[in-house]
1. Among the residues of the stretch 100-117, write down those that are within 16 Å of the ligand (Cβ to nearest atom) and open to solvent by 60 Å² or more (accessible area, probe 1.4 Å).
2. If I go through the stretch 87-100 residue by residue, how many of them are in a strand (DSSP E or B) and of a type outside the set (A, V, I, L, M, F, W, C)?
3. Mind checking which pairs have a first residue in the stretch 157-171 that is under 13 Å from LEU195 (Cβ atoms) and not assigned by TED's automatic domain parsing to the domain that holds CYS95 and a second that is β-branched (Val, Ile, Thr) and open to solvent by 60 Å² or more (accessible area, probe 1.4 Å), Cβ under 7 Å, 6 or more apart or different chains?
4. Please tell me if ASN27 is out of contact with any helix residue (DSSP H, G or I) (no Cβ under 7 Å at 6 or more places or on another chain), assigned to a loop (DSSP other than H, G, I, E, B), away from the ligand (no atom under 14 Å from the Cβ) and farther than 26 Å from THR171 by Cα.
5. Residues that are touching a His at 6+ places or on another chain (Cβ under 9 Å) and surrounded by 10 or more Cβ atoms within 10 Å (Cβ to Cβ): does the stretch 14-21 have at least one?
6. Would you mind stating whether LYS137 is exposed (fewer than 12 other Cβ atoms within 10 Å of the Cβ) and over 21 Å from THR72 (Cβ atoms)?
7. Take the residues in the stretch 189-214 that are open to solvent by 70 Å² or more (accessible area, probe 1.4 Å) and either of a type in the set (A, V, I, L, M, F, W, C) or not in a helix (DSSP H, G or I) (or both), then tell me which one is farthest from GLU35 (Cα to Cα).
8. Taking the stretch 147-188 as the search range and keeping residues that are under 15 Å from ILE92 (Cβ atoms) and of a type in the set (Lys, Arg), which one is surrounded by the most Cβ atoms within 10 Å (Cβ to Cβ)?
Amino acid sequence: MKFETIFKNNEKWVQDKLKVNPHYFENLSKGQHPEFLYIGCSDSRVTAEDLMGVNPGEVFIHRNIANQVIPTDNNINAVIQYAVEHLKVKHIIICGHYECGGVKAALHPSDMGQLNSWLQTLRDVRRLHKAELDSIKDEHELFDRMVELNVKEQCMNVIKIDHVQRSWYKTGYPQIHGWIFDVRTGKLKDSGLDLEKEFMEIREIYDLKPLEGK
Ligand code: CO
């Protein structure tokens, strides 16, 4: 695709929107009230809005390599805090995807420069689930399972965040969901994780509520 094509595409997109509703962009400019925060991979094949079939204004989006929620990452902390405290999103979604290059890199350790520190939390996921992962002999099956376990651990990382817990205890929201996008079929599936149950099992370690009450 030629670089200039993008601007032509944009012009067409604007015209298409205005044909349906002449006030489309005027309405968009009034503000955003998304109910969802989507945290997914930067992978060019995993296009958040497209795969969900949503319109501008409906989903607040953050993407990084292998959909990581790292506690010292100022970027994701700001995104989550803004989404929870100001936008008051009802749902936070962690969306991983099969054939994820980041996950693959974490399964095959090598010196990748700047990427080493970013991939470290993924390697931690592998360590946390080493027994299960070591029992999987098929390489593709192992890769897929690692993608699923990464989604679970990043969901848990969302629950560990103070402003998420504060809102959760006060309003019951945001609900946290783990999704997997299959680039091989285009299908999106819910991982079916009961995150409230998962959190209850480790609550004594990560629950910040007692600190708040004091
Ligand atoms: Co990826």
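The values are calculated or read from the model by the stated rules, or taken from the named source; none is laboratory data. Note that this is a predicted model, so its numbers are computed, not measured. Please note: Cβ atoms are built from the backbone with ideal geometry, for glycine as well, and neighbour counts cover all protein chains shown. Just the protein is used for accessible areas: all its heavy atoms, side chains included, with ligands, DNA and RNA removed. Shrake-Rupley method; radii C 1.70, N 1.55, O 1.52, S 1.80 Å.
1. As a first pass, look at the stretch 100-117 and keep what is within 16 Å of the ligand (Cβ to nearest atom): 100-108, 112, 115.
Selection gives LYS104, HIS108, MET112.
2. If we filter the stretch 87-100 for residues that are in a strand (DSSP E or B), which is where we start, we get 91-97.
From the residues that got through so far, the ones that are of a type outside the set (A, V, I, L, M, F, W, C) too are 91, 96-97.
Here the count works out to 3.
3. Cβ pairs passing all conditions: none.
4. Working: out of contact with any helix residue (DSSP H, G or I) (no Cβ under 7 Å at 6 or more places or on another chain): yes; assigned to a loop (DSSP other than H, G, I, E, B): no; away from the ligand (no atom under 14 Å from the Cβ): yes; farther than 26 Å from THR171 by Cα: yes.
Answer is no for this residue.
5. Scanning the stretch 14-21 turns up no residue that is touching a His at 6+ places or on another chain (Cβ under 9 Å) and surrounded by 10 or more Cβ atoms within 10 Å (Cβ to Cβ).
6. On the way: exposed (fewer than 12 other Cβ atoms within 10 Å of the Cβ): yes; over 21 Å from THR72 (Cβ atoms): yes.
Answer is yes for this residue.
7. Residues of the stretch 189-214 that are open to solvent by 70 Å² or more (accessible area, probe 1.4 Å), as a first pass: 189-190, 194, 196-197, 200-201, 203-206, 209-214.
If we keep only those that are either of a type in the set (A, V, I, L, M, F, W, C) or not in a helix (DSSP H, G or I) (or both) as well, we get 189-190, 194, 200, 205, 211, 214.
Details: LYS189: 19, ASP190: 18, ASP194: 20, MET200: 25, ILE205: 29, LEU211: 29, LYS214: 31 Å.
For the stretch 189-214, the residue satisfying everything is LYS214.
8. Looking at the filtered set, the residue picked out is LYS152.
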